[in-house]
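The values are calculated or read from the model by the stated rules, or taken from the named source; none is laboratory data. From a predicted model like this one, the values you see are computed outputs, not experimental measurements. Ideal geometry is used to build each Cβ from the backbone, glycine not excepted, and the neighbour counts take in all protein chains shown. To get the accessible areas, we keep the full protein, side chains included, count just its heavy atoms, and leave off ligands, DNA and RNA. Shrake-Rupley method; radii C 1.70, N 1.55, O 1.52, S 1.80 Å.
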Amino acid sequence: LDSIPPVLPALHEAHKISSKVARLGFEWPHIDDVFGRLDEEGGELREAMAQSASDVRQDQIEDEVGDAFFVLVNIARHLNIDSESALNRSNRKFRSRFRHLESAFASEGKTVEDASLAEMEAMWQKAKKDLG
């Protein structure tokens with residue numbers, strides 16, 4: 001793994017690492033196995049978060065979030081999807097939907113800050129339907 005520069009963006013570095021070790025045989029043969037790891041990492045994250053306040057270590061929680069990201073990169077790799085591109089696309093989609101939500105509230109004479117979470121969720125679902 002020394003040939004992979006640690007200065008790459010994290011998603012790209014994770015893709016390179018997982019690709020390289022997969023070529024060496026350290027690979028889940030089926031994508032369902034990778035989803036199993038995602039479930040496992042989600043459980044480990046919930047477990048870390050559930051520890052009593054005095055036992056919670058932020059670095060442990062951060063490690064578990066990072067592990068979940070790494071598994072998601074592996075899922076993307078299995079599907080021949082570039083993780084960075086996928087996340088950028090999701091960011092653009094989120095921005096567009098949120099702008100739509102803000103505009104819809106403005107047309108009602110409201111702001112997002114004035115809306116309840118239930119109202120925001122309903123408007124979010126409408127934005128998803130309207131914008132795809």
Which ³J(HN,Hα) values, rounded to whole Hz and listed in residue order, are derived for the stretch 37-50 from phi using the Karplus coefficients 6.51, -1.76 and 1.60 in 6.51 cos²θ - 1.76 cosθ + 1.60 with θ = phi - 60°, glycine and proline given as x? 5, 5, 4, 4, 5, x, x, 5, 5, 4, 5, 4, 6, 7
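For the chain, give the percent of accessible area contributed by carbon and sulfur heavy atoms, probe 1.4 Å, rounded to a whole number.
Working: 5110 of 9280 Å².
Carbon with sulfur: 55 percent of the solvent-accessible area.
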Given axes a ≥ b ≥ c from the Cα gyration tensor, I'd like to know whether the chain is rounded (a/c under 1.5), prolate (a/b larger than b/c) or oblate. prolate
Rh_Kirkwood(the stretch 40-106) over Cα pairs, Å, one decimal, evaluates to 14.4
Tell me which GluC sites (Glu not before Pro) from the stretch 1-43 have a DSSP coil assignment and no more than 16 other beta carbons within 10 Å of their own. GLU27
At R0 = 35 Å the Cβ-Cβ FRET efficiency linking PHE26 and GLN51, nearest 0.05, sits at 0.70
Using a Förster radius of 35 Å, what is the FRET efficiency between GLN60 and HIS12 based on their Cβ-Cβ separation? Nearest 0.05, please. 0.90
Quick check for me: using +1 on Lys/Arg Cβ and -1 on Asp/Glu Cβ, what's the dipole size of the stretch 27-123 about its Cα centre, in debye to the nearest 20? 720
How much accessible area per residue does the stretch 82-132 have, counting only protein heavy atoms and a probe of 1.4 Å, in square angstrom? 73
According to a simple spin-label model (label point 7 Å from Cα along Cα-to-Cβ), what is the distance in nm between THR111 and ARG95? 2.2
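Rounded, prolate or oblate: which fits the stretch 1-72 when a ≥ b ≥ c are the square roots of the eigenvalues of the alpha-carbon gyration tensor, with rounded for a/c under 1.5 and prolate only if a/b beats b/c?
Oblate, because a/c is 1.5 or more while a/b does not exceed b/c.
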When the Cα centres of the stretch 76-132 and the stretch 6-31 are compared, how far apart do they sit, in Å? 30
Zone residues, the stretch 76-102, relative to ALA122, backbone N less than 16 Å from point 7 Å out along Cα-to-Cβ: 101-102
